[in-house]
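Have a look at the structure below before the remarks.
The values are calculated or read from the model by the stated rules, or taken from the named source; none is laboratory data. Fair warning: this is a prediction, and the values are worked out from it, not measured in the lab. Ideal geometry is used to build each Cβ from the backbone, glycine not excepted, and the neighbour counts take in all protein chains shown.
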Amino acid sequence: MSGKRAAALLLAMLLLAGIMLVPTAYADETAKELTRGAKITSVDDPEGLANLTDGKTATRYICAAGTRVKVECEEPASQIYIIIDRPVDGYQLKYNGKTLQCGQNGFLHEYIALEEPAKELEFTFTAEKTSVCELYLFGAGDAPEWVQKWTLPYDDADILVMPTHADDEHLWFGGTMPYYGGELGYKVQVAYMTNHWGERYRPHELLNGLWKVGITAYPVISDFVDAYSETLKDAENFYGREKILEWQVMLLRRFKPEVVVGHDLEGEYGHGAHRLNASTLLEAAPLAADASSFPESVEKYGTWELPKLYLHLYPENQIVMDWSMSLERFGGKTALEMAKEGYLEHVSQQAYWFEVKDTGKYACTRFGLAYTTVGEDDAEKHDFLQNITHFSDEYDIIEESEESMETSAEEQSSPEESVQEEPEEPPAEQSTEEKPEKSGKNGASPLVILLTGAAVLVIVAALMLQIHFDRKAGKKAR
């Protein structure tokens, strides 16, 4: 090989290497935590401020309405992560002459991205009593993965998971959340039948567990307090069967899920509240489509015909889910391993005998199709979403598109000349042999496409140079 040819090929290889390194060079840097160097003061209520930065949710800074807390950072802060012990109506954040209203969504763990970096911040807690566990400050860049950036509950969910207590979602429903929500990107909404406001630590464990397995939509937590019931009758007497039923029908109408996942009718190990949650859910499934049932939620959300309801350990139409698949989203860990990690976030519950298991009497892999309006499952497919060919939010998009087309046609036509268009054909139904794909879930980014194209060009250029030098060498030989 001649020196010129070798130099050209070397140049092409260097260009290609440079292109491959572009993502690393331009990747967002991890944000620097600024919490430790910050000075936090309050003229109104200085007692307990050290609890804000001790890294423990067990300790709190409790203040009255109107309390102002000033934060001075050594370097400009761009992001804030604040952990509130109990929901409040809201609080104010002032910086650089701006006033931001925060906390209105009731998130216990709230992430706040500032519009511009600021060295001085001032919180004003407006509730009668605000209890703050932790405050974290970060500079520009990517916040750590443990920082929870919650979104509001979905307007329209794909899968609605309905555990009774915090930790049931991991113990009995296994890999449902990490697989469908974390890995595949479906809209998985979680709604708890009971709350744990009487146990300060458990709501934080609940959120930590969901975030660990890839859930980003804030959960729904009911007003029903947690109470142990040994029998279904005890649970009905305590909670009121009709009240639970009404709440469940409201959830089905609100979230319009394609699939609902609920408890065992026998309450797994016999818990009365689990039994109540499952038996009323089986009753709520058809009632959600009945406009005469619970008209208050009909007026607010409309009716909903639920396609599928799965109950844990249900004896009929059974499928056995495979939670042993490795998940790219979680670095190759399996759905079962992630369910176990989610359960470990419930630190207060680790003293009990419960364990996330895919075998045995209470295996988190065994479910039965207890209600369906789309036909029975193929038990060999191991997929909650089989026979789901379209999603309710996709129907909304189709309807909006059709309404827009009708409006446009009306505007363009006149009494003298009216043009009739052929009706748009409905989308072809997707084969049930494949999982339904949701648009935008796994699309390639523009940067990846650009880099791929550039790499191809470099390789082509190198090949052209090779051909050019080969031709020149051939001519000289002749």
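A few comments on the model shown:
- Pick from the stretch 28-40, criterion out of contact with any helix residue (DSSP H, G or I) (no Cβ under 7 Å at 6 or more places or on another chain) and surrounded by 13 or more Cβ atoms within 10 Å (Cβ to Cβ), ranking: modelled with the lowest pLDDT: THR30
- When restricted to residues that are surrounded by 15 or more Cβ atoms within 10 Å (Cβ to Cβ) and either over 24 Å from the mean Cα position of the chain (by Cα) or farther than 18 Å from PRO153 by Cα (or both), the stretch 101-120 contains 4.
- Pairs where the first residue, in the stretch 310-338, is of a type in the set (D, E, K, R) and the second is part of a loop (DSSP other than H, G, I, E, B) and buried (at least 21 other Cβ atoms within 10 Å of the Cβ), C-beta under 7 Å, 6+ apart: ARG329/GLY214; LYS333/LEU327
- Single residue of LEU344, LEU385 found to be over 16 Å from TYR180 (Cα atoms), within 20 Å of the chain's Cα centre (by Cα), surrounded by fewer than 21 Cβ atoms within 10 Å (Cβ to Cβ) and among the aliphatic types (A, V, I, L, M): LEU344
- Residue under evaluation ASP156, criteria (1) buried (at least 23 other Cβ atoms within 10 Å of the Cβ); (2) touching a Ser or Thr at 6+ places or on another chain (Cβ under 6 Å), criterion not met: (1)
- Flag if PHE294 is on the phi > 0 side of the Ramachandran plot, in the same structural domain as VAL260 (by TED's automatic domain parsing) and surrounded by 18 or more Cβ atoms within 10 Å (Cβ to Cβ): yes
- Taking the stretch 305-341 as the range and being of a type in the set (Gly, Ala, Ser), in contact with a strand residue (DSSP E or B) (Cβ under 9 Å, 6 or more places away or on another chain) and surrounded by fewer than 19 Cβ atoms within 10 Å (Cβ to Cβ) as the test, the residues that pass are SER324, SER326, GLY332.
- Strands (runs of 3 or more DSSP E) wholly inside the stretch 93-183 containing at least 2 residues that are under 30 Å from LEU49 (Cα atoms): 98-102, 109-125, 129-138
- Any hit, the stretch 284-292, residues being in contact with a strand residue (DSSP E or B) (Cβ under 8 Å, 6 or more places away or on another chain), in a loop (DSSP other than H, G, I, E, B), small (Gly, Ala, Ser) and more than 30 Å from GLU380 (Cβ to Cβ): no
- Whenever a residue of the stretch 376-395 is on the phi > 0 side of the Ramachandran plot, its partners that are modelled with pLDDT under 90 and not small (Gly, Ala, Ser), lying with C-beta atoms within less than 7 angstrom and at least six residues away or across chains, give the pairs ASN387/THR432.
- For the stretch 347-366, a tally of residues being over 23 Å from the mean Cα position of the chain (by Cα) and in a helix (DSSP H, G or I) returns 2.
- Any chance LEU369 is more than 22 Å from GLU183 (Cα to Cα), more than 25 Å from the chain's Cα centre (by Cα), among the aliphatic types (A, V, I, L, M) and surrounded by 14 or more Cβ atoms within 10 Å (Cβ to Cβ): no
- Those helices (runs of 4 or more DSSP H) of the stretch 197-257 in which at least 3 residues are more than 30 Å from ILE62 (Cα to Cα), considering only elements entirely within it, cover 232-239, 241-255.
- Of the candidates ALA113, ALA58, the single residue that is of a type in the set (Gly, Ala, Ser), assigned by TED's automatic domain parsing to the domain that holds VAL132 and at pLDDT 95 or above is ALA113.
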